[in-house]
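Comments concern the structure below.
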Amino acid sequence: MTLARPLAAELIGTALLTAVVFGSAMMGAQLTPDAGLGLLVSSLATGAALFVLITILGPVSGAHMNPAVTLSFALRRDIAPGVAFAFVLAQIVGAVLGAALAHLMFDAPVLELSSIVRNRPALWFSEIVATAGLIFVILGGIAAKGPVPALVGAYIMAGYWFTASTSFANPAMTLARTLTGSGAGLRPADLPAYLAAQVIGALVGFALAQWLFAKEKPPA
């Protein structure tokens, strides 16, 4: 397989996932003033989308759709550094395109800078926990030969509710969040702290999974 198809899968998958996250946030805001109900809409839509996209794109690219996931597979040496870099670029482009797609569907400006302030340490810590948990779930699911699409979808649905940050856990989509005026947005000035927290979380989740799920050597 040439690299073109995996890169296309990462770009399309990230674009569709971002469109679901942003679009469901905008739809929830239109349908109800109840913030909790709107969050429920977004969490269900995102979990369902993850299940579908990972299932159909996994055989093509692994369905990372997230630089934190790509980083973990690069650290496992399951993907070459050059390919990992190309994946991340495709994911970033896909996330921006997904944001534009959601905006066009809801008759909003194609791209606009967010003004939503998210600069509390609790939010950054939440992103460490959310991203670490995501990587831990993925690698644990692989080790257990479990249904990774369902596991990831279920974890992110839960993450919407148990983390103060609503579990962004995706650097590419977090970057795209600075380009939306919807409730899914993030002020550009707050982006570096979120990205740093997600990288730290990915490394923590990777280290924990590598230790806990390591194959034991048989006794001598």
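The values are calculated or read from the model by the stated rules, or taken from the named source; none is laboratory data. Since the model is a prediction, treat every value here as computed from it, not as a measurement. No Cβ is skipped: glycine too gets one built from the backbone with ideal geometry, and neighbour counts run over all protein chains shown. With ligands, DNA and RNA removed, areas are computed over all heavy atoms of the protein, side chains included. Shrake-Rupley method; radii C 1.70, N 1.55, O 1.52, S 1.80 Å.
Percent of C-alpha pairs per 5 Å bin in the stretch 93-198, short distances first: 2, 13, 20, 21, 18, 14, 7, 3, 1. Here the Kirkwood formula puts the hydrodynamic radius of the stretch 1-55 at 12.1 Å, using every distinct Cα pair.
Taking Leu186, Leu75, Leu151 in turn, the Gaussian network model of the chain (Cα-Cα springs below 10 Å) assigns the largest fluctuation to Leu75.
Tell me the volume per residue, in Å³, of the convex hull enclosing the alpha carbons of the stretch 70-143. Before the final figure, lay out the partial values.
On the way: hull volume 10.0 nm³, N = 74.
Cα convex hull per residue, to the nearest whole number: 136 Å³.
Residue by residue, the stretch 28-39 carries 3J(HN,Hα) couplings of x, 5, 6, 7, 8, x, 6, 5, x, 5, x, 5 Hz when phi is fed to the Karplus relation 6.51 cos²θ - 1.76 cosθ + 1.60 (θ = phi - 60°); x denotes Gly or Pro.
What the phi angles of the stretch 16-25 give under the Karplus curve with 6.51, -1.76 and 1.60, with θ = phi - 60°, is a coupling list of 5, 4, 5, 4, 5, 4, 6, x, 5, 5 Hz, glycine and proline written as x. Expressed per residue, the C-alpha convex hull volume of the chain stands at 122 Å³. Taking only the C-alpha atoms of the stretch 1-113, the Rg (one decimal) and the largest Cα-Cα distance, Dmax (whole number), read 15.3, 48 Å.
Probing with 1.4 Å while keeping every protein chain in the model, the per residue accessible area of the stretch 43-180 equals 43 Å². Applied to the stretch 190-201, the Karplus parametrisation 6.51 cos²θ - 1.76 cosθ + 1.60 on θ = phi - 60° returns per-residue 3J(HN,Hα) values of 8, 4, x, 5, 5, 5, 4, 4, 5, 5, 4, x Hz, with x for Gly and Pro. Each principal axis of the Cα cloud of the stretch 156-220 was taken in turn, and the coordinate range along them, longest first, works out to 61, 23, 16 Å.
Please report the carbon-and-sulfur percent of the accessible area for the stretch 97-162; probe 1.4 Å, protein heavy atoms only, DNA, RNA and ligands left out.
Values: 2410 of 3340 Å².
Summing carbon and sulfur atoms, their accessible area is 72 percent of the total for the stretch 97-162.
Highest mean first, the peptides 169-179, 79-89 sorted by other C-beta atoms within 10 Å per residue fall in the order 169-179, 79-89.
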